[in-house]
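So the structure is just underneath, and the comments pick up after that.
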Amino acid sequence: MGDSALKQWIIGAAIVAGSTTAACESWAGQSGAGQSWVGKASYYGYHGRTASGGRVGALTAAHRSLPFGSQARVTNLGNGRSVVVTINDRGPFVRGRVIDVSAHAAQCLGFRSAGLARVKVERVAGE
């Protein structure tokens, strides 16, 4: 492989790695305090066991990467309401959604009748 071919390969690999990283950040994010996600929230209304073995509670939620037992502040960007939820399940697995909250949390956030809301999710420090 010549110098110019090697340079093109390195540039191409860097571009692919950068685009892969950017695409994954919105899905997985990081679990450190101060990390945030913006996207759609939905809610679940079932009562049963979660992926962590816990039960769906009043202010619980499902998130793809935050550790079970951690807390996150969810803010409805449409009306400014916010609530702190405890992560006890995995999901949502629908593109564009960043969190599934319990029905009670959706009621507190003011989107239960709509079913979806644009939200900001922030991990609460001190976890």
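The values are calculated or read from the model by the stated rules, or taken from the named source; none is laboratory data. Just so we're clear, the structure is a prediction, and the values are computed from it rather than from any experiment. All Cβ positions, even for glycine, are placed from backbone atoms using ideal geometry, and neighbour counts span all protein chains on display. Just so you know, the surface numbers come from the protein's heavy atoms only, side chains and all, with ligands and any DNA or RNA stripped out. Shrake-Rupley method; radii C 1.70, N 1.55, O 1.52, S 1.80 Å.
Please work out if PHE93 is of a type in the set (Phe, Trp, Tyr) and at pLDDT 95 or above. Taking the combined requirement at face value, the residue does not satisfy it. Answer with yes or no whether GLY12 is open to solvent by less than 40 Å² (accessible area, probe 1.4 Å), part of a loop (DSSP other than H, G, I, E, B) and modelled with pLDDT under 85. Criteria not met by GLY12. Checked against the criteria, LEU77 does not count as at pLDDT 65 or above and surrounded by 15 or more Cβ atoms within 10 Å (Cβ to Cβ). Scanning the range 83-109 for residues that are among the hydrophobic types (A, V, I, L, M, F, W, C) and open to solvent by less than 30 Å² (accessible area, probe 1.4 Å) turns up VAL83, VAL85, ILE87, VAL98, ILE99, VAL101, ALA103, ALA105, ALA106, LEU109. For SER31, the conditions (1) modelled with pLDDT of 90 or more; (2) within 17 Å of the chain's Cα centre (by Cα); (3) open to solvent by less than 70 Å² (accessible area, probe 1.4 Å) are fulfilled apart from (1).
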